[in-house]
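All of the numbers you see were taken from the coordinates with simple rules; none came from a lab. What you are looking at is a predicted structure, and each value in this text was computed from that prediction instead of being measured. As a convention, Cβ positions derive from the backbone with ideal geometry for all residues, glycine included, and neighbour counts pool all protein chains shown.
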Amino acid sequence: MVNEVIAEQNKQNIPDGFDEIRQAMKDGLTGVWAAHNISEEQWAAKQAYISLGTTLNTAQELGLDVCPSEGFDPKAVMEVLASDGLADATHENVVVGMFVGKVDTSQDFHHFFNKSRKAPEKAYKIIE
């Protein structure tokens, strides 16, 4: 992660001649991992969830029905992706998935239960 992904991103985003800034960015990231007692893999998984949230919002704006998913065998999914050349099992992991499509509302069983949400006052707090 640090030697390949972060180094590549720093090279892409920070111009040549700013090596001290590249190093500071790298040190800052590894410092965050240490301060929060998380591994590179745990941090990367959290980043995947941030991207998932953005993707869910974008899909909704496009009129697609989406459903995030964790209840799958990540190793089996990785085997399928790798066998089709869509992922590199030596450098990548599957941590979250998402179903994308359109719900067939003509089917009686398209929603078995009504969705429930917490009352707004229990879900969040507005600080003024």
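Note the angle between two axes, namely the Cα long axis of helix 19-35 and the longest principal axis of the Cα atoms of the chain, as a number of degrees from 0 to 90, rounded to the nearest 10.
Taking Cα atoms only, the helix is inclined about 50 degrees.
In nm, to one decimal, how far is the modelled label at V32 from the one at T54, with both set 7 Å along Cα→Cβ?
Distance between the two pseudo-spin positions: 1.3 nm.
Using a Förster distance of 41 angstrom, determine the FRET efficiency expected from the C-beta separation of Q23 and S83, and round it to 0.05.
0.60
Out of the trypsin sites (Lys or Arg not before Pro) in the stretch 38-119, which ones are loop residues according to DSSP with at most 12 other C-beta atoms within 10 Å?
Filter output for the stretch 38-119: K102, K115, R117, K118.
Could you tell me which chymotrypsin sites (Phe, Trp or Tyr not before Pro) in the stretch 28-128 are loop residues by DSSP with no more than 11 other beta carbons within 10 angstrom of their beta carbon?
Answer by residue number: F72, F109, F112, F113, Y124.
Can you pull the one-decimal nm distance between simple spin-label points at E8 and E61, each 7 Å off the Cα toward Cβ?
Modelled inter-label distance: 2.7 nm.
Can you give the angle from 0 to 90° between the axis of helix 40-61 and the longest principal axis of the chain, with both taken from C-alpha atoms, to the nearest 10?
Computed tilt is about 50 degrees.
Out of the stretch 1-85, which GluC sites (Glu not before Pro) are coil in DSSP terms and have no more than 12 other C-beta atoms within 10 Å?
E70
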